[in-house]
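Visitor: Just dropping this structure here.
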Amino acid sequence: MPDMSASASLAMTHLVTLAKEVDEDKVTPGVLGFIVFAVMALAVWGLMKSMNRHMGRVDFDEAPDGAGASGKGAAEQASGKASPAKG
C-alpha cells in the first residue's frame, strides 16, 4: 500500500503546481459563466416577449365611476348576468 500513497502525493504535487499557475489577483467567470449568462438572457428575452403578447390580448374596459361602489352587483351588470328579482 505504500505505492498508493506515494502516487497520491505525486498527483497532489502536480495539482498544486497547476493551481499556482493561476494568477490569484485575476478571477474570470470563464466559459461556464458565459453560458449561464447567455441562458439567463435568453430566458428573460423569452419571458418579455411572452408578457408583451399576453398584455396585448388583455381587453380592459374601465367601469364608470358610480358602478364601482355597489360591488358585486356592478360586476354582474357588467357581465350581463342580472340576478332574478325576488318577490
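The values are calculated or read from the model by the stated rules, or taken from the named source; none is laboratory data. Computed from a prediction, not measured in an experiment: that's the story for all the values here. When we count neighbours, we look across all protein chains shown, and the Cβ atoms used for this are built from the backbone with ideal geometry, even at glycine.
Visitor: Mind checking which residues of segment 11-38 are surrounded by fewer than 10 Cβ atoms within 10 Å (Cβ to Cβ), of a type outside the set (D, E) and at pLDDT 70 or above?
Guide: Of everything in segment 11-38, those that are surrounded by fewer than 10 Cβ atoms within 10 Å (Cβ to Cβ), of a type outside the set (D, E) and at pLDDT 70 or above turn out to be K26, V27, T28, G30, V31, L32.
Visitor: May I pose another question? List every residue pair whose Cβ atoms lie under 9 Å apart, where the two residues are 6 or more positions apart in sequence or sit on different chains, the first residue falls within segment 30-57 and is assigned to a helix (DSSP H, G or I), and the second residue, located anywhere, is surrounded by 10 or more Cβ atoms within 10 Å (Cβ to Cβ).
Guide: Cβ pairs passing all conditions: V36/P29; F37/P29.
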